[in-house]
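Only one structure is covered here, and it is reproduced in the block below.
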Amino acid sequence: MTTRRDFLSWVGLGSVAGLTSAISGRALAQTGHDGHDMPDGEVEKNVLPPSNVKRHPQGYLPVRTLNGWTLPYAMNNGVKEFHLVAEEVEHEFAPGCVAKCWGYNGSTPGPTIEAVEGDRVRIYVTNRLKEHTTVHWHGLYLPSGMDGVGGLNQPHIQPDETFVYEFTLKQHGTHMYHPHADEMVQMAVGMMGLFIIHPKNGEPNRIDRDYAFLLHNWALHPGTYRPDPSIMTDFDLWTFNSKVFPAIESLVARTGERVRIRIGNLSMHEHPMHLHGVQFWVTGGDGGRLPRHLWRTEVTEVVGVGQMRDIEFVAIAGDWAFHCHKAHHTMNAMGHGVTNTLGVNQAGIEKTIRSILPGYMAMGKDGMAEHQNHTNMGHMQGPENTLPMMMGKDQFGNLEMGGMFTVLKVRDDLAPGDYRDPGFYKNPKGTVAYKVSTDPNFGQPPRRQTA
Amino acid sequence: MTLPRYLPITMLGGALLTGCASVPDDPGRANVSTLLQERGHTVAAPDDAEAVQTLLTELLDKPLRLEDAVRLAWINNPRLKAEYARLGFAAAEVFDAGRLGNPSLSARMLVSDAVGSANEIGFGLAHSFTNLLLRPARSRFAEGEFERVQQLVGAQILQLTAEVEAAHYRLAGAWQIVSLREAVLKSAQAAGDLAQRLFDAGNINHLERALEQAATSQARLDLLQAERDVKKLRGDLNRLMGLRATEDRWKIAAGLPTLLADEEALPDLLRLADTSRLDLAAARKQVSLLADALGVTRRYRYLGAIDVGVETSREGDGSRSVGPTVSLELPIFNQGQGRVARAKAELEQAEADLQSLEIEISNAVRLAATELAAAKSRAGHYRDSLIPLRETIVARKQERVNYMLVGPFELLLAKQQEYEAYLGYLEAVRDYWLARVELAREVGAPLTRSTQNGSATIDAEALIQPPDGTEHLHTEDAPMTNRDQMPVSDIHHGDHP
């Protein structure tokens with residue numbers, strides 16, 4: 001429901017609107033905030049300028065779907081009408097790696113459906129795949145016949161057919177939608193999307209940035225152009241919203257803004273999501289917003305398969321890595337069970353092998369870090385349509401990352417509502433780790449004494 | 001004694017003595033050379049021992065090509081000397097056949113028991129008239145037989161030539177195989193050494209190391225077998241070139257000739273075989289000789305031994321008598337039917353043999369042509385299909401090694417499989433040329449297309465040579481530099497015979 005105050009704030013009527021929203025913002029901010037539950041060091045500051053970020057007429061801050069978009073709707077006699085089209089899409093995981101995937105409305109993941117608790121929604125689903133499909137609304141209260149499990153709740157949507165789902169939203173929270181017909185294949189090749197429902201009474205804590213993404217895994221074998229749905233565990237690409245690092249959008253915020261990140265997991269594995277620089281609260285998920293006393297303070301939160309998590313924190317200036325903590329999920333394709341060359345002296349043999357195979361290079365003797373140097377310089381050809389396992393460069397050198405990795409960039413001077421990448425972080429003087437010696441025998445570090 | 005009395009004797013003697021040349025020194029060798037020349041071989045074998053020695057030295061001091069090996073065999077293989085000796089037999093027959101039979105002299109002294117009688121002394125000189133009559137025919141037969149023997153000798157020389165060529169190709173092929181087996185071993189050895197390094201670093205276990213080293217061991221066994229094959233085939237060629245074990249210092253030219261664009265057509269080959277095969281010509285000659293002999297036998301079957309001569313005697317009473325003599329075999333009990341039947345049977349047998357030979361040759365030529373086509377097809381398939389695929393596999397595996405998607409062992413294995421494909425190819429090329437030798441042997445003449453491609457060769461070393469590495473790389477042995485091109489390191493060849 002749209003309140004007069006929210007309406008005015010949306011219209012943006014000069015200082016009157018600014019004053020109004022400041023009041024409403026402060027009022028809302030105070031309702032959900034128990035001072036003695038705050039983590040150490042965090043001070044509630046209301047020094048932020050009034051937010052003139054464009055909010056929806058119904059008052060919510062629209063989510064930012066990383067690398068994605070939100071599905072527009074049409075109002076029809078008080079019902080929000082959405083139209084999803086299930087179809088094959090040409091998708092780029094990162095420059096240099098494209099594939100034929102399945103998605104909705106031209107993208108994988110599909111567009112985010114965003115509505116407000118209490119809305120009545122009508123969703124048209126047209127099937128342009130060559131096999132039947134359905135859509136399941138994960139976590140929603142709705143009539144059994146709208147739940148979308150093909151054969152159980154409804155007849156399947158055959159190719160070329162359009163079905164309609166209609167129900168009233170009886171909850172708020174972070175949800176998703178995905179097929180429930182030939183589910184394993186259709187999800188394996190990319191069919192999923194976010195379904196965000198905002199609380200009808202507005203946010204208890206004013207959110208300044210609201211990000212959302214889905215975790216997924218793909219078996220795109222090196223040199224191929226279509227994911228393989230028959231792979232259950234040995235995946236090659238790990239994605240946020242179907243993108244891998246370095247193509248994942250950075251999350252940006254202004255220092256002091258309250259940021260929420262909504263994470264959904266439709267992959268085959270749980271993911272310990274780790275955010276550097278802050279301690280965040282786990283504030284909700286499919287079940288909507290948790291009461292304050294149920295919030296957990298974490299730096300890493302495991303998102304299980306089929307689960308959603310909302311995390312919130314107040315932004316601290318800097319460049320903060322945000323990634324799944326499973327180290328092999330932050331790499332692009334690398335072979336499983338590859339010969340272990342760590343610590344192996346190949347002197348002499350490398351030369352011999354190179355006389356047989358001129359392109360051969362001994363790798364991995366002292367670790368794999370040097371690999372990115374070679375691929376950066378472009379002088380090691382890999383299979384076509386395949387990304388090197390380590391990518392990315394920032395102001396101090398190679399990041400050696402891939403897959404489920406991105407950066408949260410918080411700047412003092414980033415304008416609210418400005419989502420552009422602010423570039424390298426200018427570290428304040430004296431706050432960068434610096435070199436004191438290149439002599440390995442420098443100093444007298446104590447070593448463990450074995451008796 | 002007055003001269004006129006001895007005139008008949010001296011005249012007869014003179015007539016007999018005319019045309020009495022000795023057997024030529026080079027009985028028909030020149031003719032054999034001509035026969036071979038007509039069939040495209042230039043047999044310029046020097047006759048004196050010194051020239052032979054010079055030629056021998058010259059041929060042994062440079063890499064032996066196919067034609068060198070053949071030349072060496074022609075001047076050096078004692079089998080050829082044995083063949084030429086057969087010519088001597090036939091030449092002797094010609095000589096004998098052309099000679100008139102020797103007359104026979106008879107003398108008698110009869111002692112009379114009558115008082116006052118002197119001893120009867122008589123002399124007679126007789127000569128076979130039959131011999132004289134049949135001399136032209138006999139000469140004809142002997143010369144015809146001489147020709148036939150020359151043809152047979154020529155056929156044997158071509159046979160030897162085919163054996164030498166086959167031995168040369170086998171050896172050339174075997175040497176290529178050794179080169180490839182060395183390359184396979186090098187690759188397997190690298191994998192085995194790498195496995196040892198991994199084991200030393202504690203990264204693989206005994207089992208994994210043993211598995212890699214077993215493959216290396218097998219590669220070495222394959223090489224040992226290939227080297228043994230080379231030694232054996234060297235021995236074969238050495239023997240065929242008439243050299244002793246101590247004279248085995250020659251080296252064979254490397255490589256096999258490239259495949260020809262197209263082959264001769266079967267009808268042409270059959271025609272060529274019909275006109276070229278010397279043993280076929282000899283068999284035909286045999287039939288015509290025996291037909292001629294049958295005709296002569298038939299015509300003269302009533303002719304027995306007829307002797308004519310002169311006789312003189314001094315009677316017991318001192319008078320002298322002189323006069324011609326004749327003795328005539330009467331064909332009463334035997335009109336030579338046996339002789340005729342024998343001649344007829346011999347002719348029939350020879351005709352059957354000729355037909356049999358013609359059929360055999362016809363089928364053999366076709367079979368050889370079929371074998372040739374099959375070998376060519378195999379070689380072509382290796383060259384156009386399997387080898388490019390194996391090369392692609394190696395390149396794509398290298399891409400995966402670059403991105404750490406697979407390990408180096410898989411890459412080395414792929415390279416070995418590439419070498420195996422080259423090996424199959426070279427074997428097929430060798431089989432192709434062996435098939436051509438066989439075809440030429442069956443046709444009885446060298447196939448002129450064989451030298452069409454000139455000196456273009458397929459060489460294992462060229463196949464093994466990897467493409468230039470175009471990347472700027474650093475190695476474990478040298479830190480990264482700004483060199484643009486990594487030099488291709490030396491490929492070590494084994495001793496090249």
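The values are calculated or read from the model by the stated rules, or taken from the named source; none is laboratory data. Not measured: the values here are computed from a predicted model. All Cβ positions, glycine included, derive from the backbone under ideal geometry; neighbour counts span all protein chains shown.
The table that follows gives values for the structure above.
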| quantity | calculated |
| --- | --- |
| Residues located in the stretch A:147-174, provided they are within 30 Å of the chain's Cα centre (by Cα), over 30 Å from A:Arg260 (Cβ atoms) and aliphatic (A, V, I, L, M) | A:Val149, A:Ile157, A:Val164 |
| Candidate set from the stretch B:99-135 (those that are among the β-branched types (Val, Ile, Thr) and over 60 Å from the mean Cα position of the chain (by Cα)); member that is nearest to B:Asp307 (Cα to Cα) | B:Ile121 |
| Enumeration of residues in the stretch A:222-281 that are out of contact with any Asp or Glu (no Cβ under 8 Å at 6 or more places or on another chain) and among the polar types (S, T, N, Q) | A:Thr224, A:Ser230, A:Thr233, A:Thr239, A:Asn241, A:Ser242, A:Asn265, A:Ser267 |
| Residue in the stretch B:159-167 that is assigned to a helix (DSSP H, G or I), more than 30 Å from A:Thr339 (Cβ to Cβ) and among the charged types (D, E, K, R) present | yes |
| Conditions (1) under 25 Å from B:Asp68 (Cβ atoms); (2) modelled with pLDDT of 95 or more; (3) of a type in the set (D, E, K, R); number of the one not met by B:Arg220 | (1) |
| Within the stretch A:64-182, strands (runs of 3 or more DSSP E) holding 2 or more residues that are aliphatic (A, V, I, L, M), farther than 30 Å from A:Phe245 by Cβ and free of Cβ contacts under 8 Å to residues at least 12 places away in the same chain | A:74-76 |
| Test: residue in the stretch B:195-210 that is away from chain A (no Cβ under 14 Å), surrounded by fewer than 23 Cβ atoms within 10 Å (Cβ to Cβ) and of a type in the set (Val, Ile, Thr) | no |
| Qualifying residue in the stretch B:384-392 (condition: of a type in the set (A, V, I, L, M), under 30 Å from A:Ala219 (Cα atoms) and either within 14 Å of chain A (Cβ to nearest Cβ) or surrounded by fewer than 17 Cβ atoms within 10 Å (Cβ to Cβ) (or both)) | yes |
| Of all residues in the stretch B:394-419 being closer than 17 Å to B:Leu185 by Cα and of a type in the set (S, T, N, Q), the one that is nearest to the other protein chains (Cβ to nearest Cβ) | B:Gln416 |
| All positions within the stretch A:310-337 that are away from chain B (no Cβ under 14 Å) and assigned to a helix (DSSP H, G or I) | A:Ala327, A:His329, A:Thr330 |
| Selection from the stretch B:421-452 of residues that are part of a helix (DSSP H, G or I) and either within 14 Å of another protein chain (Cβ to nearest Cβ) or of a type in the set (S, T, N, Q) (or both) | B:Tyr422, B:Thr448, B:Ser450, B:Thr451 |
